[in-house]
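Here is the structure we will look at, set down as C-alpha cells.
Every number here is computed from the coordinates shown, using simple stated rules; none is lab data. Fair warning: this is a prediction, and the values are worked out from it, not measured in the lab. Here the Cβ is made from the backbone with ideal geometry for all residues, glycine too, and neighbour counts use every protein chain on show.
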Amino acid sequence: MLDHLADWAVDPKQVERVTERIGAERVAERDEQVAAFGALPLVEKFRVPSGQTAPDLAVVMADGGRLQILDRAATPPATGSEPAAEPEWDEEPPPSTGHWREDKVALLLTMKSAAVAADPCPDIPAGFLDVVRIPKLARELKKNVRASDDAVADSDEPEVAAEALREPAYEPPEVVTRQMVASRGRWPAFAPLVAAAAWARGFQGAARRAFVGDGSANNWALQRRFFGSFVPILDFIHALSYVFAAAMAGRKFAAGWACYREWITWVWQGQTPLVIAALSQRQAELGLPEKDEAVSSPRQVVNQTLTYLENHQDKMRYAAYRKDGLPITSSLMESAVKQINQRVKGSEKFWSEAGSEAVLQLRADQLSDGEPLADFWQRRQATATGQRRYRRTG
C-alpha cells in the first residue's frame, strides 16, 4: 500500500517490526489502564468515571476467534494483572499438534432503542419459519460450532439470520458507537481488559445494560464477574440451532418441521419452560444416551439440547427483552470476530505471541469508532524524548 499510494518502497520486514513495536507500546499503555482500573476501590468500579457521560443503553458481547501461533512452546501473554486461573474459566487445552490457537474479542456497544409497554413483535418473524432457509441455517451453525467455545464466527449465517428480525413491526436496537477489545491473553486476563474498557466509557452507569453471548461458559463467567448488573441474554440464533436439531432428531422431516415450528415459536415468546417440558417427554420416549454413543444420535442430540436450554433458560426471556428495547442476537459480535480474522487468520499466516498481541490491539483500535490510534499518536508525540528506544539484548 505504501508503494502504491505513496510511491515509497519499504521492506515488508521493516513494516512488520514497526507494527510489533508500536503495537507493543499500545499494549503496554492498555495494560497500565487496566492496572489502574484494578486498583480502584470496588465501589468506584461500578460508578461512572469523572468527565464521562453514561449511555442510555450499553451492550457487551464477547466471543473467541482463531489464529495460528508458530512458537508452540510459548504461552499466551500475561496481559495486565492476570489473576490465577480459577475453576469458572474454561481454558482452551493446549493442542497436541498444529498451530491454531484461540484469540478473544469483545464488543462494547452504545445503542439506541425505545422501551415499550408490550412486546413490539409477539409473532415470530416469518424468516424463522422458512422451510428452505432454516434447515440450511441450522446445518451451518452446527457445522461451525467448536466444542470449546460454541463459536460460529466464520459463518455468514448468524448475520443473515439476524436480518429476519427486521420486520415492519419490530426494529432491533440501533448501534450508536462501538469499541472492540482483542487479545491472546487467557480468559482470566482478558476479562479485566473488557471490564476496564467498559468502565472508561461509563457503561456501569447506563440506564439499560445488557450482555449478549452464545453458550460459552467463559462468556457467562465474564458476565458474572464484571457485568452482574447487566441483563444476560442468550443469542437467539444459537438457541434456534439447538431447538431445530432436537426437533428433527429421530423424526421424518415433516414431523420434525412441525415440532420445530411449535418449539421455536415458544422460544421467541419467552416460553422456554414449555420447550423443556416437551424435550423431557421426548427424552423419556427415546431414553438416555449410552456411554460412547455417537454425538449425532437422536438421544445425544435431544439430551444435549435439553441440557443447553435448562442451563440458559434464565437468559431466554426474549419477549421481555424486546419490550425493554434490548438486543437478542449476537450477530454484531460474529461480524466483529470476522473483521479481526480478516487481519490475523489465514492458512499461511503465522504469529509469535508478542506479534499476535500487538496486531490484535492495533486491529481492534482500527475497527473501533472514534480515533483511538490518532489519540495514541498524539500522546506518544507529547511524551517523546527524542531518544530512540533500543531493544536490550543479552
Given unit charges at Cβ for Lys, Arg (+) and Asp, Glu (-), the dipole magnitude of segment 238-315 about its Cα centre in debye, nearest 20, is 220
Exposure proxy check on HIS99, HIS4: fewest-to-most Cβ neighbours within 10 Å is HIS4, HIS99
Among CYS259, VAL301, LEU288, the residue whose Cα sits farthest towards the positive end of the charge dipole of segment 238-315 (+1 at Cβ of Lys and Arg, -1 at Cβ of Asp and Glu, taken about the Cα centre) is CYS259
Ranked from fewest to most other Cβ atoms within 10 Å of their own Cβ, SER352, SER241 fall in the order SER352, SER241
Taking only C-alpha positions in segment 238-315, Rg and Dmax in angstrom work out to 11.6, 36
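If neighbour count is taken as other Cβ atoms inside 10 Å, put THR265, THR177, THR53 in order from fewest to most.
Ascending Cβ contact count within 10 Å gives the list THR53, THR177, THR265.
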In nanometres, the difference between 0.36 nm per residue of separation and the alpha-carbon distance of SER280 and GLU29 is 85.2 nm
Share (percent) of C-alpha pair distances in segment 315-365 greater than 19 Å works out to 48
Computed ³J(HN,Hα) along segment 54-70: with the Karplus parameters 6.51/-1.76/1.60, θ = phi - 60°, integer Hz and x for glycine or proline, the list is 6, x, 6, 10, 10, 10, 10, 9, 8, 6, x, x, 9, 8, 9, 10, 7
Answer in debye to the nearest 20: the dipole magnitude of segment 15-63 about its Cα centre, from +1 Lys/Arg and -1 Asp/Glu charges placed on Cβ, is 120
